[in-house]
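Written below as structure tokens is the structure these notes are about.
The values are calculated or read from the model by the stated rules, or taken from the named source; none is laboratory data. Nothing here was measured: the structure is a model prediction, and the numbers come from that model. We place every Cβ from the backbone using ideal geometry, glycine too, and count neighbours over all the protein chains shown. Heavy atoms of the whole protein, side chains included, go into the accessibility calculation; ligands, DNA and RNA do not. Shrake-Rupley method; radii C 1.70, N 1.55, O 1.52, S 1.80 Å.
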Amino acid sequence: MSIMLDETNWKTALEKGFELQSSGTTGEPKQLFQTPAKLIAANQIAIDAQNITAQSRILTVCRMTHAGGLLAQTLPAWSINAHVDIRPFNAFTFWRDIKGYTHTHLTPMHCKLLMQTKHFKTLDLNDVFVACGSDNVSFDMIEAFVERGATFMCNWGMTEIGPITINTVFDSIEKVNQYRDQALAHGSLLGDRYFCEYRIIDDELWVRGDVCIYDDWFNTHDLVALNEQGAMYHLGRRQVEGNKS
């Protein structure tokens, strides 16, 4: 079933599963069924990877109709009775909107818009965990948010898997610089914490695990490579006929 989840119906939806539309960033959007078992596994990983507790306060600014808005933090937080507020993203009021919250999930475009506002230089993100994904995340972006006090997670995931799946958490400028120095000459960081099994076949990323909607290996068609330290980098996406996820 396709359903708009909120704090009144998430328990029923979690028990039965529901359809979620892929974002369309890599092709035509389509409806993908999220099984209860996959959702439970993904919730637990999201909670553990982001240190979400019942005392956490989540500010959701991404669309609830896509995996980032619903599954990255919102549904995991609801599942442990943490506080969640859902409101449209506004780059000009975010400095005020984020006050009192412990977690939020942003897209790279959100980050770019925030970095262009006059309030960003004084934005206080101390004690705020910022998860960021859905597109390439640059080290300049990571550095800018860590400088503002955020704990910043660069994350890869898809509607088909996770979405908290492959990531790295940055909590200091020293760590940002370390990873920047180790980075591949080309590509953008996905992460070095792996919450799924993975294979790289002909440079394409294959994944499977409890957080995937498929039982067997799933070819993401993302082109990836590993650096010497085991961190994965995104090099682009192989376009194939019928690839609309």
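Where the Cα atoms of region 3-118 are projected onto their three principal axes, how long is each span, largest first, in whole Å?
45, 38, 25
Per residue of region 96-103, what does 6.51 cos²θ - 1.76 cosθ + 1.60 with θ = phi - 60° give for ³J(HN,Hα)? Whole Hz please, x for Gly and Pro, Karplus curve as stated.
So the J values, rounded to whole Hz, are 8, 4, 6, 4, x, 9, 9, 9.
For the pair residue 109 and residue 21, what calculated FRET efficiency results from E = 1/(1 + (r/R0)^6), where r is the Cβ-Cβ distance and R0 = 25 Å, to the nearest 0.05?
Values: r = 18 Å, r/R0 = 0.74.
After rounding to 0.05, the efficiency reads 0.85.
Please report the relative contact order for region 104-187, taking Cα pairs under 8 Å with a sequence separation of at least 6, and give it as a percent rounded to a whole number. Walk me through the intermediate numbers first.
Values: 115 pairs, mean separation 20.9, N = 84.
Computed over region 104-187, the figure is 25 percent.
For a quick protection proxy, order the peptides 118-127, 160-169, 57-66 by their average other-Cβ count within 10 Å, most packed first.
Those peptides, ordered most packed to least, come out 160-169, 57-66, 118-127.
Using just the Cα positions, wrap region 80-166 in a convex hull and report its mean projected area in square nanometres, one decimal place. Display every interim value, and only then the final one.
Working: hull surface 24.2 nm².
Reported value for the Cα convex hull: 6.0 nm².
Give me the three principal axis extents of region 50-196 from the C-alpha atoms, as integers in angstrom, largest value leading.
Extents along the principal axes, in whole Å: 41, 39, 24.
Using a 1.4 angstrom probe on heavy atoms only, work out the carbon and sulfur share of the accessible area of region 1-153 in %. Walk me through the numbers before you get to the answer.
On the way: 3620 of 7160 Å².
Within region 1-153, the accessible surface is 51 percent carbon and sulfur.
Rounded to the nearest 0.05, what FRET efficiency do residue 99 and residue 177 have when you use their Cβ-Cβ distance and R0 = 30 Å?
Between residue 99 and residue 177 the formula returns 0.55.
Want the number for residue 204 to residue 238: 0.36 nm per residue separation, take away the alpha-carbon distance, what's left?
Between residue 204 and residue 238, full extension yields an extra 11.5 nm.
Roughly how many Å² is the accessible area per residue of the chain, as a whole number, for a 1.4 Å probe?
Accessible surface, normalised per residue, equals 47 Å².
Contour minus end-to-end for residue 92 and residue 37, with contour as 0.36 nm per residue of separation and end-to-end as the Cα-Cα distance? List each step's numbers first, then the result.
Working: separation 55, 0.36 × 55 = 19.80 nm, distance 3.90 nm.
Difference between extended and current length: 15.9 nm.
For the chain, I need the span (max minus min coordinate) of the C-alpha atoms along each principal axis, in Å, sorted largest to smallest.
Sorted largest first, the three principal extents are 48, 46, 29 Å.
Probe radius 1.4 Å, ligands and nucleic acids left out: which of 206, 156 has the largest accessible area, and how do the rest follow?
Details: 206 70, 156 20 Å².
Correct descending sequence by accessible area is 206, 156.
What is the gain in length, in nm to one decimal, between residue 53 and residue 11 on full extension, counting 0.36 nm per residue of separation less the C-alpha to C-alpha distance? Can you show the working numbers first?
Details: separation 42, 0.36 × 42 = 15.12 nm, distance 1.79 nm.
Using 0.36 nm per residue and subtracting the Cα-Cα distance, I get 13.3 nm.
Apply the Karplus curve 6.51 cos²θ - 1.76 cosθ + 1.60, θ = phi - 60°, to the phi angles in region 187-194 and return the couplings in whole Hz, x for Gly and Pro.
x, 10, 5, 9, x, 9, 10, 10
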